[in-house]
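One structure is given below, encoded as structure tokens.
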Amino acid sequence: MARAWTLGLDRRPRTLADLEHFEPRAIVAVRTDRIGDLLCGTPFLDALHRRWPAATLTLIPGPKNRAVLTGLPFVEEGPVFRRDPASWAALAWWLWRRRFDLCVSLRAESMAGAYVAAWSRAPVRMVTHAEHASPAFNLILGADDWHQTTRYCHAAALIGAPCAEVRPVFVVPPEAARRGAEALAALAPEGSGPLVGIQMPNRGGRRHARRAWPIENIVALAGALAADGCRIVLCGTGAERPEAEEVRGRVPSAAIAPAVPLAVFAAIQRGLDLFISPYSGTLHLADAVGTATVAYGQPEQVSGWSPLGPRHRNIGGRTAAEIPVPMVLGAARDLLAAARR
């Protein structure tokens, strides 16, 4: 279907050499899945802006990840790509009325990326990696790293805009920073111990259940860190909220972060000394704002999604339930001790 949509468009293969004198006026990018997936791709969005600062850069998001755009001031928000075909017609018409010189999909195997590339009618339709790449694209960069963040940093270097750091990009807006500071002050009004955020796991669906730590482990971890003098902030919204309430009932000194917009939550995370989480969107958000993290999950998550650098620890197990509390607790204590030193 993607090949059919590209009939009549320029389908000549392009190379990196074609970008040397290329000066696009308008760029459209697309990533429509989850918050963490888009955050891992933000280094390449930032690279596109740095490589062609005069061009407008628009992102087609999905309904689950559009909040990430609140931390990308150099990106304009386009129409949301939804699963219902009726919305595809509206998006195709929106793209048809505009003229884009470059289209970039941050996910080669994405149906949304292939459709947006074809509908954009851009002469250069770029994808970062070759795996399952659609015929809608005529420039494949070849950044085929398995690790998600390094993949996009590799792509950034290929287009001539290397990343200063291998981590996601998220700029906390001033108003969100103010609200986050107020929320954090209310959560931890007293004491001088380190502030440690603990993300409650998502248990919805079989895949998430395998990746979720048992609640007994979370209670044990929170209790041990509280006994060390840490001030605990439990993080979770929606279905995660009742479990946070249960943990607080068993660790009374713990506080629960309020349900706030993503940018405000990023400001709260920026004020933490440590954030402990399964592999999730909030983990990548903590990495983006510079907070130390301890992450735990399955081996493929560690190899493909781990925050990188000395301020992070990544712990893997065949299932999350097999990861012992002392291992996560030891990593947290090591990072807090390193911060004190």
**OP:** Using the number of other C-beta atoms within 10 angstrom as an exposure proxy, rank 46, 33, 10, 84 with the fewest first.
**Re:** 84, 10, 33, 46
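In nm, what is the difference between 0.36 nm times the number of residues separating residue 322 and residue 80 and their Cα-Cα distance? Don't jump to the answer; show the numbers that get you there.
Values: separation 242, 0.36 × 242 = 87.12 nm, distance 3.87 nm.
Extending this stretch completely gives an extra 83.2 nm.
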Subject >> Pairwise label distance in nanometres, residue 111 with residue 188, each label 7 Å out on the Cα-Cβ vector >> reply: 4.4
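Using Cβ counts within 10 Å as a stand-in for footprinting exposure, how do 3, 82 rank, fewest first? Let's see the in-between values first.
Numbers: 3 12, 82 15.
With the sparsest Cβ surroundings first, the list reads 3, 82.
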Original post:
In a solvent-free Debye calculation with one equal scatterer on each Cα, what is log10 I(q)/I(0) for the range 1-101 at q = 0.12, 0.15, 0.16, 0.23 Å⁻¹, listed in the order of the q values?
Top reply: -0.46, -0.72, -0.82, -1.37
**OP:** Calculate how steeply helix 111-120 sits against the longest principal axis of the alpha-carbon atoms of the chain, using the helix alpha-carbon long axis, and give the answer as 0 to 90 degrees to the nearest 10.
**Re:** 40
Subject >> Across the chain: Cys residues that no other cysteine approaches within a C-beta distance under 4.7 Å >> reply: 40, 103, 230, 235
Original post:
In degrees from 0 to 90, rounded to the nearest 10, what is the angle of the helix 325-340 Cα long axis to the longest principal axis of the chain?
Top reply: 90
Original post:
For the range 103-202, what is the Kirkwood hydrodynamic radius in Å, using each pair of distinct C-alpha atoms?
Top reply: 16.8
Original post:
Based on the Kirkwood radius over alpha-carbon pairs, what is the Stokes-Einstein translational diffusion coefficient of the range 174-340 at 4 °C with 1.567 mPa s viscosity, in µm²/s?
Top reply: 82
Original post:
Based on the Cβ-Cβ distance from residue 54 to residue 175, what FRET efficiency comes out when R0 is 35 Å, to the nearest 0.05?
Top reply: 0.80
**OP:** Return the long-range amide H neighbours of residue 280 (sequence gap of 5 or more, or a different chain), with a cut-off of under 5 Å between placed amide H atoms.
**Re:** none
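On full extension of the chain, what length is gained from residue 245 through residue 33, given 0.36 nm per residue of separation minus the C-alpha to C-alpha distance? All intermediate terms of the calculation are to be shown ahead of the outcome.
On the way: separation 212, 0.36 × 212 = 76.32 nm, distance 2.89 nm.
So the chain would gain 73.4 nm between residue 245 and residue 33.
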Subject >> Cα centroid separation, the range 8-86 to the range 222-238 (Å) >> reply: 37
Subject >> Chain lengthening between residue 3 and residue 130 when straightened (0.36 nm per residue, less Cα-Cα) >> reply: 44.1 nm
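Taking every pair of distinct Cα atoms and averaging 1/r, then inverting, what Kirkwood hydrodynamic radius in Å comes out for the chain? Intermediate results must be reported in sequence, preceding the final value.
On the way: mean 1/r = 0.0475 Å⁻¹.
Evaluated on the chain, it is 21.1 Å.
Read-outs throughout are calculated quantities, based only on the coordinates presented, and are distinct from any laboratory measurement. As the structure is a prediction and not an experimental result, all values here were calculated from the model. For neighbour counting, all protein chains shown are included, and Cβ atoms are generated from backbone atoms with ideal geometry for every residue, glycine included.
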